[in-house]
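Colleague: Okay, here's the structure, questions in a sec.
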Amino acid sequence: MRIRIDLAYDGTDFSGWATQPRLRTVQGTLEAALATALRVPQARVVVAGRTDTGVHARGQVAHLDVDGDVLAASAGRSTDPPLDALLRRLNGILPADLRVHALSEAPEGFDARFSAVWRRYAYRVADRPDLVDPLTRRHVLAWPRPLDLDAMNAAGAELLGLRDFASFCKKREGATTVRTLLALEWTRDADGVAAGRVVADAFCHNMVRSLVGCLLMVGEGRRPVGWAAEVMAAARRDPSVAVVKAHGLTLEEVGYPAGAELLAQAERARARRIVDPSPPLMESDARDQ
């Protein structure tokens, strides 16, 4: 059976999502805990979006394939349903900076990575001295100058749609940089902290942090509103666009279609993207940061 895993983590002390030798990673920590809880030699998960070192997640999704008999046996003498027993056991093993919120039997066709239709990130910035809170320093960027969110929103609006984001991505051999950016907007929360909402079908490496770095320069008045579109049109990395620090970035939510569309979406997502006005074809690398 396939299990859907909904999880959250503070990325501060992890070397990103993906397992790496001799480094503490989210995937490595989760898989080790799953293997222990299920009493199996190893467990392998597939994730919706790989996050980089220091990036957090509140709404990450992964899946695990496991034999039903193994799951049932892992519950031991517990009278709870096997998934409930596994959830309790798993969170008893995991460290405090990684929590599994829910385990559920995945519907037919579900793939945590390829069935996703969008990923939503938030980037938080404290741009006034009175907003810089030591208690939120691990997930809010302290910025030394006030930001004009209207200018940032005007600049971001010009980047929406199905486009080649080569100007904002770290190039990977053989990987496309074409993505569909669905939302890029800034508001202030109840405390006044500037919060960027970024939604796309998937993200290439460093894309969100590069987009934010570009808009911060617009927001503080160092660049005009039209500069972001000029950077995009160049179709190559601009060294003047800073990749902002990872700790302000959080994966908030992953969206999936319902029912039979799960399998159809997974098949579409494995196709290579092209910049074309027809319905987009997607290759879901789903990585940022």
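Colleague: Determine which member of the set ASP80, ASP97, ASP69 is closer than 24 Å to GLY11 by Cα and of a type in the set (Asp, Glu).
Modeller: Selected residue: ASP97, the only one of ASP80, ASP97, ASP69 that is closer than 24 Å to GLY11 by Cα and of a type in the set (Asp, Glu).
Colleague: Is one or more of the residues making up region 119-132 aliphatic (A, V, I, L, M) and either loosely packed, with under 15 Cβ neighbours inside 10 Å or over 23 Å from the mean Cα position of the chain (by Cα) (or both)?
Modeller: yes
Colleague: Separate question: Which one is surrounded by the most Cβ atoms within 10 Å (Cβ to Cβ) among residues in region 237-268 that are within 15 Å of ASP111 (Cβ to Cβ) and in contact with a Lys or Arg (Cβ under 8 Å, 6 or more places away or on another chain)?
Modeller: VAL254
Colleague: When you scan region 116-145, how many residues do you find that are under 30 Å from ALA258 (Cα atoms), in a strand (DSSP E or B) and touching a Phe, Trp or Tyr at 6+ places or on another chain (Cβ under 7 Å)?
Modeller: 1
Colleague: For region 179-289, give me every one of the helices (runs of 4 or more DSSP H) that falls completely inside it and has 3 or more residues that are more than 27 Å from TRP17 (Cβ to Cβ) and either acidic (Asp, Glu) or modelled with pLDDT of 95 or more (or both).
Modeller: 207-219, 227-234
Colleague: Taking ALA142 and the conditions (1) surrounded by fewer than 19 Cβ atoms within 10 Å (Cβ to Cβ); (2) touching a helix residue (DSSP H, G or I) at 6+ places or on another chain (Cβ under 8 Å), which numbered condition does it fall short on, given that it satisfies the others?
Modeller: (2)
Colleague: Also, quick follow-up: Take region 1-28 and flag every residue that is touching a residue at least 40 places away in the same chain (Cβ under 8 Å) and more than 18 Å from the chain's Cα centre (by Cα).
Modeller: Of everything in region 1-28, those that are touching a residue at least 40 places away in the same chain (Cβ under 8 Å) and more than 18 Å from the chain's Cα centre (by Cα) turn out to be MET1, ARG2, ILE3.
The values are calculated or read from the model by the stated rules, or taken from the named source; none is laboratory data. Predicted, not measured: the structure shown is a model, and the values here were computed from it. A quick note on method: Cβ atoms are made from the backbone with ideal geometry, for glycine too, and the neighbour counts reach across all protein chains shown.
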